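Please read the structure below before turning to the comments.
The values are calculated or read from the model by the stated rules, or taken from the named source; none is laboratory data. Because the structure is a prediction, the values reported are computed rather than measured. Here Cβ is always computed from backbone atoms with ideal geometry, including for glycine, and neighbour counts include all displayed protein chains.
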Amino acid sequence: DAGITQSPRHKVTETGTPVTLRCHQTENHRYMYWYRQDPGHGLRLIHYSYGVKDTDKGEVSDGYSVSRSKTEDFLLTLESATSSQTSVYFCAIAGGRSQETQYFGPGTRLLVL
Amino acid sequence: AQKVTQVQTEISVVEKEDVTLDCVYETRDTTYYLFWYKQPPSGELVFLIRRNSFDEQNEISGRYSWNFQKSTSSFNFTITASQVVDSAVYFCALSSANTGFQKLVFGTGTRLLVSP
């Protein structure tokens, strides 16, 4: 199993509050990703990183920012949470021998009231 | 544009039945990868298989088999002699060369319920 952890695993917050989710890997993989999972949409890519300080937008990046200051950590920030950002957030990593295959973390369930 | 379609929202079977989950994809790239992931009730996403666009050989792994047909843009997944532990949501996904294989596009998933 890929060494990926996400924190927190569950969070309840209020509209307008900043929220940061953390993804941590122990695999030293180059690529890291943030997805959100919503009913009827499957998983959609928010942002991804292809190296330290190198990030790019995905399909649903509005309202989100990311940072990667170390290989092992990829942070997702909701600057001002909205109810539409209530979702399950998954981090994924890829690299090593199989850079095309993404392995997922356990997920973070976020509820914005 | 890339797209993955899983038309079966939910399938219910009785244990020991065979079941096929359909996946149809769209891409203009000639080089791409197709994937299947499993999401059991516990919520994690488990990688099952990856195929590249140049390898149309079918694959079998135990009770699981995958049929890749470029002519119909399909990558179907069959579970033989289903078991209760196969109950999960299954996602088909696609990545392609024009995004450096860095953007996975997922289907909306098929929920499989296997009853004893």
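Can you confirm whether B:Tyr90 is facing another protein chain (nearest Cβ under 10 Å) and assigned to a strand (DSSP E or B)? No, not satisfied.
For (1) in a loop (DSSP other than H, G, I, E, B); (2) at pLDDT below 95; (3) in contact with a helix residue (DSSP H, G or I) (Cβ under 6 Å, 6 or more places away or on another chain); (4) among the hydrophobic types (A, V, I, L, M, F, W, C), each residue gets a yes or a no:
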| position | (1), (2), (3), (4) |
| --- | --- |
| A:Val12 | no, no, no, yes |
| A:His29 | yes, yes, no, no |
| A:Tyr35 | no, no, no, no |
| A:Tyr48 | no, no, no, no |
| A:Ser69 | no, no, no, no |
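Exactly one residue among A:Gly42, A:Gly95 is more than 10 Å from chain B (Cβ to nearest Cβ) and over 11 Å from the mean Cα position of the chain (by Cα), and that residue is A:Gly95.
Take the conditions more than 11 Å from every other protein chain (Cβ to nearest Cβ), of a type in the set (Lys, Arg) and touching a strand residue (DSSP E or B) at 6+ places or on another chain (Cβ under 7 Å) and apply them to A:Arg30. Does it pass?
Values: more than 11 Å from every other protein chain (Cβ to nearest Cβ): no; of a type in the set (Lys, Arg): yes; touching a strand residue (DSSP E or B) at 6+ places or on another chain (Cβ under 7 Å): yes.
The answer is no for A:Arg30.
With the condition kept exactly as written, say whether any residue in region B:69-80 is within 11 Å of chain A (Cβ to nearest Cβ) and aromatic (Phe, Trp, Tyr). Within region B:69-80, not a single residue is within 11 Å of chain A (Cβ to nearest Cβ) and aromatic (Phe, Trp, Tyr).
Candidates in region A:56-65 are the residues that are of a type outside the set (S, T, N, Q) and within 14 Å of another protein chain (Cβ to nearest Cβ); of these, the one that is surrounded by the most Cβ atoms within 10 Å (Cβ to Cβ) is A:Gly58.
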